[in-house]
Amino acid sequence: MNIIFGPINSRRFGKSLGIDLSPTKKQCNFDCLYCELEPAKTIESYKDIISVEDIIKAIKESLKTHSDIDVLTVTANGEPTLYPYLKELILEINKIKGDIKTLILSNGSTISSKKIQEALMLFDTVKLSLDCATSKCLKKLDRAYNSITIESIKEGMVEFKKEFRGVFIIEILIVKGINNKDSEIEELNKFLLKLNPIRIDIGTIDRPPAYKVEALSYEELREISLKFSSSLPIYIASRKKVTSKPSFYSKNEIIDTIKKRPLTQDDINVLFNKRSKDIIKEILDRGELKIVNSSGYNFFVIN
Ligand code: SF4
């Protein structure tokens, strides 16, 4: 039983040690088409439960070997917020972690529960998935346990965001032919403007999925990112499928592109050729562009 995995180096969080709250089998209230784990029947609560003591013991052991960890990432083979002692666990983690930050990755399904909100408040960073803004999409893509509604997820997120003082990130995974439709993006946009998270990561399938579904290319994700309001802090997190070569953009084209959606260095590397990158540097030096850090990522924006 491997409760601890990693460490993994992440650009955003540094050296991260993973904590798996369901190390024996997949336990999830979603059965997402794109899941990288085997398909499994959805559940309402964990059946296989490991004790807080065992988890803390495993963390302490691992920290003896890895003394330079930046973040402890709570996750699961499934949904970590279904772990029944999540609040007790994070209270214990906070006692032993010292300067290390804490992060939880959740599918967001349980966020309307007061008990879950109380537990998540104790993390430094909370990253929740929100692939869909309509119940039709939630049923089709995330195949949620039947008592879960999109309304309760959305209400719970808004409620939680009001009180949470840490870093709150939303992640959207986009699947071809399902949630890349204009109507779904429109609904997501409407809700995200209301929610106002610190960052929104949009990505697509990067690993072999549980069911036969298709990923989008980087260019398609960028097209989608442009359909969201330009005030939303969107970061394109998937670059595995890049279909075009870097091209030349004139100064005006660069300014227009950045006006529509701020770019990260990764976007610049994919989109612009060497000459265009030199132009970006010149515009930056002249003060027409500036770099703004949004929760760990640098964005090039108009000054
Ligand atoms: S929420 Fe995560 S673990 Fe659960 S089915 Fe979806 S992708 Fe898999």
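All of the numbers you see were taken from the coordinates with simple rules; none came from a lab. As the structure is a computational prediction, the values presented were derived from the model and not from experiment. Cβ atoms come from the backbone with ideal geometry, glycine included; neighbour counts cover every protein chain shown.
Taking the Cα centre of the chain as origin, work out the dipole magnitude from +1 charges on Lys and Arg Cβ and -1 charges on Asp and Glu Cβ, in debye rounded to 20.
500 debye
How many nm separate the modelled label positions at Lys60 and Lys115, each set 7 Å beyond the Cα in the direction of the Cβ?
Here the modelled spin labels are 2.7 nm apart.
How high is the relative contact order of the chain, in percent, with contacts defined as C-alpha pairs under 8 Å that are six or more residues apart? It would help to have the intermediate numbers written out before the result.
Working: 552 pairs, mean separation 43.2, N = 303.
The value is 14 percent.
So between Lys259 and Glu44, what do we pick up on full extension, going 0.36 nm a residue minus the alpha carbon distance? Display every interim value, and only then the final one.
Details: separation 215, 0.36 × 215 = 77.40 nm, distance 4.44 nm.
Contour length minus Cα-Cα distance gives 73.0 nm.
Please compute the length gained on full extension between Asn269 and Phe248, using 0.36 nm multiplied by the number of residues separating them and subtracting their Cα-Cα distance.
Contour length minus the Cα-Cα distance gives 6.4 nm.
I want to check the label-to-label distance for Ser135 and Asn303. Put each point 7 Å from Cα in the C-beta direction and report it in nm to one decimal.
Placing both labels 7 Å along Cα→Cβ, they lie 5.1 nm apart.
Given 0.36 nm per residue, what is the gain on full extension from Asp68 to Lys190 after removing their alpha carbon distance, in nm?
On the way: separation 122, 0.36 × 122 = 43.92 nm, distance 4.10 nm.
Gain in length upon complete extension: 39.8 nm.
Would you work out the relative contact order for the range 245-303, in percent, from Cα pairs under 8 angstrom that are 6 or more residues apart?
41 percent
Sorted by packing (mean other beta-carbon atoms within 10 Å per residue), highest first, where do 217-224, 274-281, 204-211 land? Don't jump to the answer; show the numbers that get you there.
Values: 217-224: 17.9, 274-281: 14.4, 204-211: 15.9.
Result, highest mean Cβ count within 10 Å first: 217-224, 204-211, 274-281.
When only Cα pairs under 8 Å and 6 or more residues apart are kept, what is the percent relative contact order across the range 71-124? Each step should come with its number before you reach the end.
On the way: 51 pairs, mean separation 27.0, N = 54.
This gives 50 percent for the range 71-124.
Points 7 angstrom from Cα along the Cβ direction at Ile198 and Lys227: gap in nanometres?
Using points 7 Å along Cα→Cβ, the separation is 2.9 nm.
Tell me what the chain gives for mean residue ellipticity at 222 nm when only DSSP H runs of n ≥ 4 count, each as -39,500 (n - 2.57), the sum divided by the residue total, rounded to 500 deg cm²/dmol.
The per-residue figure over the chain is -9500 deg cm²/dmol.
Which trypsin sites (Lys or Arg not before Pro) does the range 1-101 hold that lie in a coil by DSSP with at most 15 other beta carbons within 10 Å?
Arg11, Lys25, Lys41, Lys47
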